[in-house]
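Each remark here refers to the structure printed beneath this line.
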Amino acid sequence: MRIDRGYFRRPEGNRRISTARLAGYRRQFVQPNVFMPSGASDNDIDKLVEEAFKASLAGEGRDDITFAEYASLFGFFRSAVMQEGRLLETAIEQVVQKNPNLKLLPTKPMPIVPAAQEMLKRTPSDEIKGVRFPSRVHATESYKPDLFITNRTTHSGLILDIKRSLGSYGPQQVDRLRFRMLAVAAIAPEWVAEHQGPLLVRIETAIVDGADEMSDHERGVFRISEIDHLLEAEGAAEFIRQVREAFSRRVQDELARRCRTLAGDPVETCKLPDANPSANDPVPTPYELASVVPLQAPVMQQPRFGYARRPGLH
């Protein structure tokens, strides 16, 4: 029997494929037009900050035998620290929701496959390519991402773990966290397809240092100021910076007020630096979320899962 190699055949049969069908299939991979959302400005910052500040006030009320009359001050300080970490997550969520190319997946505990952890300990991260682990396994451990972001144009996922300050974590703690994240990334495409729907061809992980001090891309650690490159969305870092500064001013004003109340003194004895900026201090200009637009990334061969890699940062 002669085989006509000039005739294209599909794997499931010999149905002919029209030119129109092929064109429609290719359109799914064309870079979409940039959508510019409107109506998002400093009102978004005020709303996020107000919610975080109210949560800080609500979580402070607890007596403490050690701090006695200062328990309220210490409680507010501790609550504000916790809410600041959550505020960073919420600000990133806001950026993702305003970007048409990005989508947030509901965060759920994902199984950590022991075989994946053992493989990761023996294999350098730059050599992990094409490794697959089944998602339907018995696992005693699980990991729940802070944020799981998908990119509609690249069909990729980004697992983020956001820390307010990574400096308080030791190297062994960071290593344990990144291995747990990579182990989850190894089963994430199959797990997501079974539980949430979108098909992902690549999964990346990144630990974000909210203090903007630590950056080690070979170990999957990024500064918060590098969030633009991680999300491939311009303007995200600026928006997060303004949200954080506005929250800091509210917290410092409240701390200064409480100091005055406790000391029974004018503010000079307890005033915190920059608590009340003068008229000569520069005022941040309102930031428009409309400036959050996708960055054009060069086409490059990517492993199926691993640490986030961005050409602009490596």
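Since every read-out is calculated from the coordinates, none of them should be taken as a lab result. Since we're looking at a predicted model, the values are computed, not measured. Here the Cβ is made from the backbone with ideal geometry for all residues, glycine too, and neighbour counts use every protein chain on show.
Which value results when the Cα radius of gyration for the stretch 72-122 is divided by 2.2 N^0.38 Å?
1.80
Show me the ranking of peptides 227-234, 43-50, 95-102 by mean Cβ neighbours inside 10 Å, starting with the highest.
Result, highest mean first: 227-234, 95-102, 43-50.
At Phe67 and Glu93, where each label point lies 7 Å from the Cα along Cα→Cβ, what is the point-to-point distance in nanometres?
My value for the distance between the label points is 2.6 nm.
Roughly how many nanometres apart are two label points built 7 Å out from the Cα toward the Cβ at His155 and Glu245?
With each label point 7 Å from Cα toward Cβ, the separation is 4.2 nm.
Quote to one decimal, in nm, the extra length available between Ala115 and Val81 on full extension: 0.36 nm per residue of separation minus the C-alpha distance between them.
That pair, Ala115 and Val81, stretches by 8.6 nm at full extension.
What does the extension gain come out to for Asp46 and Leu104, with contour length at 0.36 nm per residue minus their alpha carbon separation? All intermediate terms of the calculation are to be shown ahead of the outcome.
Working: separation 58, 0.36 × 58 = 20.88 nm, distance 2.24 nm.
18.6 nm is the gain from fully extending Asp46 to Leu104.
Sum up the charges of everything whose Cβ sits under 15 Å from the Cβ of Gln173, counting Lys and Arg as +1 and Asp and Glu as -1, but leave Gln173 out.
+2
How high is the FRET efficiency from Ala55 to His217, r the C-beta distance, R0 41 Å, rounded to 0.05?
Calculated value: 0.80.
Here are some pairs, Lys47/Lys108; Lys47/Lys103; Lys54/Lys108; which of them have Cα atoms lying more than 23 Å apart in this structure? Don't skip to the answer; put the middle values down first.
Working: Lys47/Lys108 26 Å; Lys47/Lys103 21 Å; Lys54/Lys108 27 Å.
Going by Cα-Cα distance, Lys47/Lys108; Lys54/Lys108 fall outside the 23 Å limit.
Can you list the residues of the stretch 80-94 with backbone N under 16 Å from a point 7 Å past the Cα of Arg257, pointing along Cα to Cβ?
Answer for the stretch 80-94: 80.
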